[in-house]
Structure formats: structure tokens, C-alpha cells
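To start, the structure itself, in C-alpha cells.
The values are calculated or read from the model by the stated rules, or taken from the named source; none is laboratory data. What you see is a predicted model, and the numbers here were worked out from it, not measured in a lab. Ideal geometry is used to build each Cβ from the backbone, glycine not excepted, and the neighbour counts take in all protein chains shown. Areas reflect the complete protein model, heavy atoms only, side chains present, ligands, DNA and RNA absent. Shrake-Rupley method; radii C 1.70, N 1.55, O 1.52, S 1.80 Å.
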Amino acid sequence: MAKVSFVNGYNLPNIPWQEKPEGLSGAPVWRHSENPIIDRNPVEGVARIFNSAVMPYEGKFIGVFRGEQTDGIPYIYLGYSDDAIHWTFDKDKIPFEDENGNPFMPRYAYDPRLVKVEDTYYIMWCTDFYGAAIGMAKTKDFKKFVRIENPFIPYNRNAVLFPRKVNGNFLMLSRPSDSGHTPFGDIFLSESPDMTYWGKHRHVMSQGSNWWESVKIGGGAAPIETSEGWLLFYHGVSGTCNGFVYSIGGAILDIDNPSIVKYRCKNFLLTPEEWYEERGFVPNVCFPCATLSDAATGRIAIYYGAADSYVGVAYTQLEEVVQYIKDNSSLSDTDKEIGIR
Ligand code: BMA
């Protein structure tokens with residue numbers, strides 16, 4: 001096999017890392033031995049932090065964290081770390097403002113993703129827009145956070161921006177939903193020339209025929225550009241007699257036309273197995289929201305929410321995970337389509 005490499009990748013010599021455990025079976029994805037990395041009650045007024053996204057910043061790390069307040073309402077908090085494992089958090093929520101500098105706080109905000117495109121960091125989250133929908137804001141310095149137009153009408157969740165424009169447009173994955181717990185859901189792709197007007201909507205992937213992702217799927221971490229295509233870690237949900245189970249899946253999308261799925265792993269990459277994934281506010285949830293990667297070594301650290309209570313880190317290696325996804329790929333007809341009808 002030709003060597004798989006990151007495209008437009010960056011070197012991150014201080015990426016958190018642990019070697020693959022001997023005898024690991026199944027997918028080449030393994031957990032950080034000190035998981036969960038964030039305990040309960042991490043900051044005054046916040047009971048749990050989970051489903052959060054991190055980024056390298058000025059030689060250290062920064063992140064946007066879903067903090068469930070002690071009144072049960074989720075908001076987004078900024079966090080800081082020297083090593084991407086030990087985090088401290090601002091006590092106050094991220095102070096979103098409108099274009100004129102006036103406070104413009106969402107009624108609630110959860111499952112944030114953080115993606116840098118060119119010189120700007122974008123945060124997207126699930127917001128109340130007369131029902132569950134996508135909220136967005138931008139920052140250049142992690143001090144001033146300006147809201148931008150909600151990209152889609154309700155109901156929608158799990159928006160994930162691509163880290164660069166493709167064919168001149170911003171690209172974003174999202175998962176149309178209902179305003180409740182959504183017993184369905186496919187991933188779609190939308191384009192925008194200006195981050196205000198979104199269109200050219202395309203279907204990317206439907207919930208899978210494999211049982212671990214048979215109820216719904218949703219974008220997870222920002223797609224990673226590789227020589228094989230966009231590597232996407234997403235979540236897939238299984239419906240059991242005892243509720244939903246969230247696992248992490250992997251797919252590779254076409255570079256120039258990411259509504260086409262080139263490979264889609266029929267097996268989950270990570271499924272709830274450890275106590276912090278199986279036990280918590282919502283049991284049996286592994287919910288990926290971000291990755292860090294190091295171009296020099298191919299190392300990838302996946303950040304995922306666990307049981308709606310904790311943050312976990314899992315590791316993989318670019319070449320190994322791409323090979324596993326390819327070796328176990330199974331595509332449906334709708335995966336292979338451009339996705340317009
Ligand atoms: C989804 C979202 C996620 C959550 C998951 C499991 O609908 O609300 O934030 O992790 O359910 O509860």
C-alpha cells in the first residue's frame with residue numbers, strides 16, 4: 001500500500017500519546033489509560049463536562065467544552081491545557097456577542113465543535129432556534145466571540161465544518177433531526193461561499209445496515225484531510241430495548257466531492273466498554289467531537305464524550321486506521337451517490 005499521509009497537516013510534537021497496547025483486537029483504536037480526563041464538578045456551577053472539542057493554540061491547547069450547569073442547562077465553556085490531558089476552565093460561559101458587540105447569548109448550547117479555516121476559528125453547536133438547530137460563532141483570539149447567522153433552519157444537530165474550503169466554498173456536514181431524541185438521521189453536506197448562505201445540499205451517508213449504527217448517525221470530529229480522502233470519525237447509534245447506544249465509526253469521503261463515500265467501516269471503531277462510557281448521566285455513549293493529529297508520526301488523538309458525563313481520549317495511527325476502514329469497508333448505493341434527487 002502506498003503510504004497514507006495527512007494533507008495540509010501540521011506537526012504537533014506535543015500531541016498526547018500512548019502506544020498501542022499489546023494484543024489489542026478489533027479496530028486499531030485504544031483508550032488513554034488515565035481516562036476519563038475530566039472529572040465531575042470540574043468548575044463551580046458545572047456538574048459535568050463532555051462532548052467537547054479541542055485545538056492546538058499558541059504552543060499549548062485550547063478547547064470549547066459542553067458544561068452541564070447545576071440547573072441542568074448546557075453551555076459552552078473555554079478550557080486551557082499545556083498537555084491536552086489536564087484542563088482548566090473559565091468559570092464563566094463563553095461570552096457570545098452580535099456583530100455590533102452586544103451580548104448575544106444562546107438560550108442553551110451543547111455539543112460544540114471547533115474548526116479553524118484560514119485564520120479564523122469557528123464554533124458550531126446545537127442551539128435553540130425555535131427548536132434544536134445549529135448555532136455558530138467565530139473568533140480569532142479566543143477573547144471576542146461573534147455569532148454568525150444560524151446556517152440551517154430547525155431541526156438540526158451535529159454540524160461539523162471542513163477545515164478548508166473545497167472548490168471555493170466552505171463545507172459543512174450536518175444531521176437534520178427532530179427537536180427531541182431523534183429516532184432517525186443521516187449526514188448531509190452543505191456549501192457556502194460566505195458563511196451566511198448555505199445551499200447545494202447533498203446527502204452523504206444514511207444510518208447503516210450494520211446494527212451498531214442502524215438508528216441514526218451524525219458527524220463527529222472535523223474531517224481530516226488525507227491522501228486517501230477526508231477521514232471522518234462519526235457517531236452511530238444502535239437502538240436497544242434499554243435505549244440508544246452511541247459508538248464511534250469511521251469513513252473516508254472523496255476529497256473534491258465529499259458527498260461521495262469512498263470507504264465506510266462496517267465495524268465500529270470504539271463502543272462503550274469502560275465504566276465511564278457505560279455508566280453516567282446517559283449510559284453507553286461514546287460521542288466523538290474532535291481530533292488532534294501529528295503529521296510527522298501519523299498519530300491521532302480522538303476526543304469523545306463518555307456517558308454524557310466525562311471526556312475520554314482514544315488514540316489511533318493514520319495508516320493503521322485507514323487500512324482498517326478500507327479492509328472492512330462496506331458501501332451502500334446511497335454512500336456511492338453524489339446525493340441529490
Ligand atoms: C444526543 C445529543 C448528545 C448526547 C446523546 C446521548 O441526542 O444530545 O449530546 O451525547 O444524545 O445522550
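How do the peptides 121-127, 264-270, 163-169, 245-251 rank, highest first, by the average count of neighbouring beta carbon atoms within 10 Å per residue? Before the final figure, lay out each step's value.
Numbers: 121-127: 23.9, 264-270: 22.1, 163-169: 13.7, 245-251: 25.9.
Highest mean packing first, the order is 245-251, 121-127, 264-270, 163-169.
Counting only the heavy atoms of the protein chains, how much of L24 is accessible to a 1.4 Å probe, in Å² to the nearest 10?
70 Å²
Separation of segment 132-158 and segment 292-341 by C-alpha centroid, Å?
Spelled out, the Cα-based centre of one part sits 24 Å from the other.
Over 28 Å, how big is the tail of the calculated P(r) for segment 8-159, in percent of all Cα pairs? Could you put the intermediate results ahead of the total?
Details: 2840 of 11476 pairs.
Looking at segment 8-159, the distances longer than 28 Å represent 25 percent of pairs.
Taking 37 °C and 0.692 mPa s as the conditions, I'd like the Stokes-Einstein D for segment 245-315 in µm²/s, using the Kirkwood hydrodynamic radius from alpha carbon pairs.
Numbers: Rh = 13.3 Å.
Estimated via Stokes-Einstein, D reaches 247 µm²/s.
Quick one: divide the alpha-carbon radius of gyration of segment 87-237 by 2.2 N^0.38 Å and tell me what you get.
Numbers: Rg = 15.5 Å, N = 151, 2.2 N^0.38 = 14.8 Å.
Working it through for segment 87-237, the quotient is 1.05.
What does the net charge come to around F142 if you take all other residues with beta carbon closer than 12 Å to its beta carbon, with K and R at +1 and D and E at -1? The partial results should precede the final answer.
Numbers: positive: K60, K116, K138, K140, K143, K144; negative: E58, D90, D141.
Within the 12 Å Cβ shell, the charges total +3.
What are the trypsin sites (Lys or Arg not before Pro) within segment 1-62 that DSSP puts in a loop, where the Cβ has at most 16 other Cβ atoms within 10 Å?
Details: sites: K3, R31, R40, R48, K60; in loops: K3, R40.
Filter output for segment 1-62: K3, R40.
From the square roots a ≥ b ≥ c of the eigenvalues of the alpha-carbon gyration tensor of the chain, which class results: rounded (a/c under 1.5), prolate (a/b over b/c), or oblate? Walk me through the numbers on the way to the answer.
Working: a/c = 1.25, a/b = 1.12, b/c = 1.12.
It comes out rounded by the Cα gyration axes.
Calculate the dipole size of the chain relative to its Cα centre from +1 charges on Lys and Arg beta carbons and -1 charges on Asp and Glu beta carbons; express the result in debye to the nearest 20.
Values: 32 positive and 42 negative charges, 96 e Å.
That gives a dipole near 460 debye.
Over the chain, average the accessible area per residue using a 1.4 Å probe and give it in Å², no decimals.
Values: 14200 Å² over 341 residues.
That works out to 42 Å² per residue.
Per-residue ellipticity at 222 nm for the chain, helices alone: DSSP H runs ≥ 4 residues times -39500 (n - 2.57), over residue total, nearest 500 deg cm²/dmol?
Working: 3 runs with 18 residues, N = 341.
Estimated from H runs of four or more residues: -1000 deg cm²/dmol.
Please enumerate, by chain and number, the aspartates and glutamates with C-alpha under 12 Å from the C-alpha of K266, excluding those fewer than 8 residues away in the same chain.
E213, D327
Quick one: with all protein chains in place, what share of the accessible area of the chain is carbon or sulfur, to the nearest percent (1.4 Å probe)?
On the way: 6960 of 14200 Å².
Whole-percent figure for carbon plus sulfur exposure: 49.
Using Cα centres only, tell me the gap between segment 101-115 and segment 12-41 in whole Å.
29 Å
Once the piece of chain linking D83 and S33 is laid out straight, how much longer is it, given 0.36 nm per residue of separation minus the C-alpha distance between them?
Values: separation 50, 0.36 × 50 = 18.00 nm, distance 1.50 nm.
Result for the pair: 16.5 nm of gain on full extension.
What GluC sites (Glu not before Pro) does segment 39-117 have in DSSP loop regions with at most 15 other beta carbons within 10 Å? It would help to have the intermediate numbers written out before the result.
On the way: sites: E44, E58, E68, E97, E99; in loops: E44, E58, E99.
In loop regions of segment 39-117 (DSSP not H, G, I, E or B), the sparsely surrounded GluC sites (Glu not before Pro) are E44, E58, E99.
Convex hull over the alpha-carbon atoms of segment 5-49: what's its volume per residue in Å³?
Numbers: hull volume 7.3 nm³, N = 45.
Residue-normalised Cα hull volume stands at 163 Å³.
Return the lysines within reach of K138: Cα separation strictly under 21 angstrom, same-chain partners fewer than 8 residues apart disregarded; answer none if there are no such residues.
Qualifying lysines at Cα under 21 Å: K60, K91, K93, K116, K165.
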